[in-house]
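Visitor: Structure provided below as structure tokens; questions to follow.
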Amino acid sequence: MQTNLIPQLKETPPGQEADAILRSCVHCGFCNATCPTYQLLGDELDGPRGRIYLIKQMLEGEAAGDATRMHLDRCLSCRACETTCPSGVQYSRLLDLGREHLEKHHPRPARERLFRKMLRVVLSDSRRLARLIPLARWFRKLLPTNIAQSAASILDSADIKIEWPAPHHPRKMIILDGCVQAATHSHINAATANVLDRLGISLLRPQDSECCGALSLHLSAPEEAMQHMRRNIDRWWPQIEAGAEAIVSTASACSSTLKDYAYHMKDDPHYATKAARLASLSRDISEVIAAEDLSPLHSSKLINNPIAFHSPCSLQHGLKLEGKVETILRACGYVLLPVSNAHLCCGAAGTYSILQPTLSNQLLSNKLDSLEAESPHTIATANIGCLIHLQSGTNRQVKHWIELLAQASESK
Ligand code: SF4
Ligand code: SF4
């Protein structure tokens, strides 16, 4: 695709990056076939190719306004289009650059900015969020339906407590405790620590935790995201220096962000080298487990608990780890049911379920139809946002797959 970016923009690193991405697109439109919002809305501007054009026009100096924002806001950042694109177009990087440019040159109304800031402040701090959970018990009836449904599933999970094993193995890894999951489903990382303990690995939990930066990045606040990243690097650095093998995340969206620390911090003279080391050590929990001998976790008593697995977009399109969790679950004795349209987003997508409830609920309904078609005993997934969102729409239990591994080894 030919481009003609605004000269002063073309001289900047973000402008050059956007220009290179735009030029790599050959305008074939294959990506539209797997775009969830294009499938729902049927509008070219709600598909990846149309959004690429909107960003191009904006960066070439054409006035961009509320219509451009609406189409970019409707994008889930699911990256299904990247998996489909035969030319390797880095759509999500371009989208981030386009959204930042739009926020700068055509700011949203103050009310919207305030609401987004509030989401970042509340959701990125696990202690703040944990203090709000008891309030949700009292005010559930006053919340908008989609948030009230999620609150109900969170309240059921917040009370589950699992003991964290003492760190006695020579092999050690650090866990990203994160923000939302640490407040609402802290038992998932405790289950992970127990599973890794059985495999001969101690999981270290730094004293306090915070967001990996994903939340701020997705809400177009990159400098705030980098503050989270710097604090996380400082928090983990002593244990990295002491020989920790990996930084592990049990939320695939956070795993994807951790692997991008090198990219986001590349221009920071104080943190670029450390960020690159951290990114090279970061592992999604599925990568860690897949590399180990799983025989201590296998059970032959799980045949009657068939599972429907929802592979989060961050796992299959972001990390390109499609099929890894399914292979692990089968190796541990679980039966996995077929799921149609597995490449499509469930509608959680960070804060999308809050900011775009209509589209999000349509995607949720379609996803649950696919997952429940074969009447699974349990739905499993690999990302906390998907887990909460899926649970808000079904009475069937939705679990993180690592909880199933903990159960497998207990049932031996
Ligand atoms: S992003 Fe890829 S698939 Fe989509 S129009 Fe461009 S080249 Fe084609
Ligand atoms: S990221 Fe997802 S929603 Fe956005 S354009 Fe690509 S496929 Fe469509």
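Just so you know, all these numbers are worked out from the coordinates, no wet-lab data involved. Nothing here was measured: the structure is a model prediction, and the numbers come from that model. When we count neighbours, we look across all protein chains shown, and the Cβ atoms used for this are built from the backbone with ideal geometry, even at glycine.
Visitor: What distance in nm separates the two pseudo spin-label positions at residue 394 and residue 162, each 7 Å out from Cα along the beta-carbon direction?
Guide: 2.0
Visitor: Next question. Per DSSP H run of at least 4 residues, take -39500 (n - 2.57); add these up for the chain, divide by its residues and hand me the 222 nm value, nearest 500 deg cm²/dmol.
Guide: Result for the chain: -15500 deg cm²/dmol, rounded to the nearest 500.
Visitor: Suppose R0 equals 22 Å. What FRET efficiency, 1/(1 + (r/R0)^6) with r the Cβ-Cβ distance, do residue 127 and residue 270 give to the nearest 0.05?
Guide: For residue 127 and residue 270, the calculated efficiency is 0.25.
Visitor: Further question on the same structure: Order by neighbour count: 24, 256, fewest other Cβ atoms within 10 Å first, most last.
Guide: Least to most surrounded, the residues fall as 24, 256.
Visitor: Does the chain come out rounded, prolate or oblate by the C-alpha gyration tensor, with a ≥ b ≥ c the root eigenvalues, rounded set by a/c under 1.5 and, if not, prolate when a/b is larger than b/c and oblate if not?
Guide: In terms of gyration-tensor shape, prolate.
Visitor: Let me ask something else about it. Using alpha carbons only, how many angstrom separate the centre of segment 210-277 from the centre of segment 293-367?
Guide: So the two Cα centres are separated by 25 Å.
Visitor: Going by the alpha-carbon gyration tensor, a ≥ b ≥ c the square roots of its eigenvalues, is segment 7-105 rounded (a/c under 1.5) or, if a/c is not under 1.5, prolate (a/b greater than b/c) versus oblate?
Guide: Here segment 7-105 falls in the oblate category.
Visitor: Then there is this: Using the beta-carbon distance between residue 67 and residue 115 and R0 = 22 Å, what value does 1/(1 + (r/R0)^6) give for FRET efficiency, to the nearest 0.05?
Guide: Between residue 67 and residue 115 the formula returns 0.60.
Visitor: Only Lys, Arg, Asp and Glu count, each charged at its Cβ (+1, +1, -1, -1), so figure out the dipole size of the chain about its Cα centre, rounded to 20 debye.
Guide: Dipole magnitude for the chain comes out near 660 debye.
Visitor: Within segment 190-210, list the residues whose amide N lies under 19 Å from a label point set 7 Å along Cα→Cβ of residue 305.
Guide: Answer for segment 190-210: 190-199.
Visitor: For residue 309, which sequence-distant residues (separation of 5 or more, or a different chain) have an amide H within less than 5 Å of its own amide H, given hydrogens modelled in the peptide plane?
Guide: When sequence neighbours closer than 5 places are left aside, the close amide H contacts are 337, 380.
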